[in-house]
1. When you go through A:ALA341, A:ALA374, A:ALA327 one by one, which is the residue that is surrounded by fewer than 18 Cβ atoms within 10 Å (Cβ to Cβ) and not assigned by TED's automatic domain parsing to the domain that holds A:TYR442?
2. For the list (1) modelled with pLDDT under 90; (2) part of a helix (DSSP H, G or I); (3) more than 30 Å from A:TYR442 (Cβ to Cβ), I need the number of the one condition that B:THR245 fails.
3. Name the residue, out of A:ILE384, A:ILE401, that is assigned to a loop (DSSP other than H, G, I, E, B) and either away from every other protein chain (no Cβ under 14 Å) or touching a residue at least 60 places away in the same chain (Cβ under 8 Å) (or both).
4. If A:TYR170 passes every condition in (1) surrounded by 18 or more Cβ atoms within 10 Å (Cβ to Cβ); (2) closer than 21 Å to A:ARG409 by Cβ; (3) not β-branched (Val, Ile, Thr) but one, which one does it miss?
5. For A:LEU208, indicate whether it is in the same structural domain as A:LYS172 (by TED's automatic domain parsing), out of contact with any strand residue (DSSP E or B) (no Cβ under 6 Å at 6 or more places or on another chain) and over 13 Å from A:PRO167 (Cα atoms).
6. What's the number of the condition A:ALA341 fails, among (1) more than 14 Å from every other protein chain (Cβ to nearest Cβ); (2) under 29 Å from A:TYR170 (Cα atoms); (3) not acidic (Asp, Glu)?
7. Please determine, by comparing only the residues of region B:270-300 that are free of Cβ contacts under 8 Å to residues at least 60 places away in the same chain and under 21 Å from the mean Cα position of the chain (by Cα), which one is farthest from the other protein chains (Cβ to nearest Cβ).
8. What single numbered condition from (1) under 20 Å from A:ALA115 (Cα atoms); (2) buried (at least 20 other Cβ atoms within 10 Å of the Cβ) fails to hold for A:ASN210?
Amino acid sequence: MRNDITRRDALALGLSAAAIAATGAPANAQSAIKAADIAAPKLPIEKGATLRMLRPVRFVQADEDVFRANAAKFTKETGVEVKVDFVGWEDINQQTAVTSNSGAGPDIIIGFSDAPHIYIDKLVELTDVADYLGKRYGGWLNLAKAYGRKSKSDSWIGLPFGATAGPLIYRKSVLKSVGFDKAPDDPAGFLDLCRKLQKAGKPAGFALGNAVGDGNGFADWMMWSHNSSLLDEDGNVTINSKETIAALNYVKELYPTFIAGTPSWNDVSNNRAYSSQEIGLTANGVSLYFSLKNDPALAAIAEDSEHQLLPKFFAPISPMSGLTLNAMVFKHSPYPNAAKAFLLFMLEKDQYEPWLNANSGYWSQPLAAYADSAVWKGDPKVAIFKDTMTSTYYAGYKGPISTATGAVRADYVTVQMFAAVATGASTPEAAAAETEQRCKRYFRRQR
Amino acid sequence: MSVTTLPPLALARRQPSLLVRLFDTKPFLIVMCLAPAIGLLAVFLTYPLGLGIWLAFTDTTIGRRGVFVGFENFQYLLTDPLWWNAVFYSVIYTAIATFGKFALGFWLALLLNNHFPFKSLLRAIILLPWIVPTVLSALAFWWIYDPQFSIISYLLVDVLHWRSSNVDFLGSPWPARFSLIAANIWRGIPFVAISLLAGLQTISPSLYEAAMLDGASAWQRFRYITFPMMMPILAIVMTFSIIFTFTDFQLVYAITRGGPVNSTHLLATLAFQRGIAGGELGEGAAIAVSMIPFLVFATLFSYFGLARRKWQQGESND
């Protein structure tokens, strides 16, 4: 058994070394990343330590290869064996819940965004590691602070590894044909664009169905761009506000310009409609652009596509959040120092920079200094994702992140509010009131 | 010889060993034979059901042990428009889909009961929708109903030019509801048809011969022989069908996830959505438990409404 694992690991290492050579991202290329000279926290690694970790599966093969190669490097330098398992995105939350409840299983889990806030009692504080990394690499970015730290405190419970956002993606030629160079930043202008797109037969399409990523992305954009929010800073439900009503009224006007069927869209629907040239404008992660670019038959569409930050309307900045990879160390781990040392090692530039580059823009950095990475100097259409984590918006904005903020998203509460008004099933006032009831139910134990 | 050997034999017969006597005791045998079955039922049926009912009275969430809250979950559900919505659609879904399945399934069974070439092959093919895993057929229907890439829209718009825009199957409440019911009927017909076919073949041909001698028409033979004789099996198949339909999950979850705007949530999908996705295990369990009265009612209805009557055994009705 043991032999098997070592042999397989050795094989994986060989493969990933080859992959690194092929992608042209060697670990020690002349790096542009500035790192301050800071003394690393003392983390005496426990004797005989081994680590097991889970993380979500890769977007691109190079992600997994470089990640495994980095872990192997850690093993070589410290003698701590690290077993990394890649888990499907839908399963990671359940596996985290089981790990946390049973107090057994992996030492480290990289989950999504709010996960450390849900299992806060079961986690090792990572403040020393986070402070060191923050000072060394130009500071943690806003989104990293929102998801990494306990709310209203400076102690860290998660170490963000990167985020991915869903900006607008549109066909340049189509927008040009209706007289626009880019999507306008004001609501009236954006509505005008959508109306003209519809007349031109290449309408806009945004998911109003039960789609975890795209549906919530659109609902959040509409709420935040009208300065409405789910919660206030203290965690009171503030969804039933005149700002929300304004957002709902706006969507009521906007919805008729969409392609038919968006209330039944799930996360892949807009990708398909955009790829088959049914729509000229939508919002999606970078995966859509890459799937077009990498398919010879569709490369022309990618060539004609452009990303743009979500129009801000009334908000001070583009109200776009990002799905964040967030690493946690569990208290049940017998080797907390080894686990912290491993995460610290993975976020140091010798390891993190090649990994960030290998992801070709799917993930963007949580630490300011990594903005100089080579990946952002490549395809200009991908460079827009560079600043994803500077956003001040996060899921559950602007309250404290909790189990309930995640549950409200998973239960599509705000998505359904917009869909109900868009389809005429309820009035804006009724929809906002009903949503307030549903939210209060979810947040009843949070206060 | 017989004198010397008989007494010990007789003695042995009169006084068997304790073990043998134990295995001859009826109560002991009953307990022994039932134990495995009861054990299995307790572990795999009673425990999950009991746990589900217990959870319904707590406020357990994923990641947090709950406390007993009495009927709080149920009180909330009564004020929750989404729950009422799910009850409404579950009842409509079950009623229309069951009616459709039985009308078409019975008809198909009558057709299959005739003599024609490749009879067994055709009967096997008929079963396909029932055999295919539901999630697969649900995915097929998801494509059929896709707002942009539906084959039905393609035929109507691009081939026949009967419409100028795609059919919006799942984008608004009522079309979405009926689309799902249609998919459920398609999937349920084979079960009904094959079960009823088995029933049809138990009806003695002599009844039909006698009726024909009396000059009964085809409709009269169906109305006064086939239908009454099928009553008992109809009752059983209908009970099963109602239970399967009312508790359906996969079809709805794979095609609409309860959308648009929750209009197609069945109680089962709503329970999953709240309990697992939303993390409110207690409330999800309460929704699941709230299905029990409906199922009991449906079962009693088909049992008492359609059960075996005395005249079917040649006696008169009470």
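The values are calculated or read from the model by the stated rules, or taken from the named source; none is laboratory data. Everything numeric here is computed off the predicted structure, so don't read it as measured data. Quick reminder, even Gly has a Cβ in these numbers, built from the backbone with ideal geometry, and neighbours come from all protein chains shown.
1. When all the criteria are applied, what remains is A:ALA374.
2. Among (1) modelled with pLDDT under 90; (2) part of a helix (DSSP H, G or I); (3) more than 30 Å from A:TYR442 (Cβ to Cβ), the lone unmet condition for B:THR245 is (1).
3. A:ILE401
4. Failed condition: (2).
5. When the stated conditions are applied, A:LEU208 passes them.
6. (2)
7. Step by step, filter region B:270-300, then rank; the result is B:LEU300.
8. Among (1) under 20 Å from A:ALA115 (Cα atoms); (2) buried (at least 20 other Cβ atoms within 10 Å of the Cβ), the lone unmet condition for A:ASN210 is (1).
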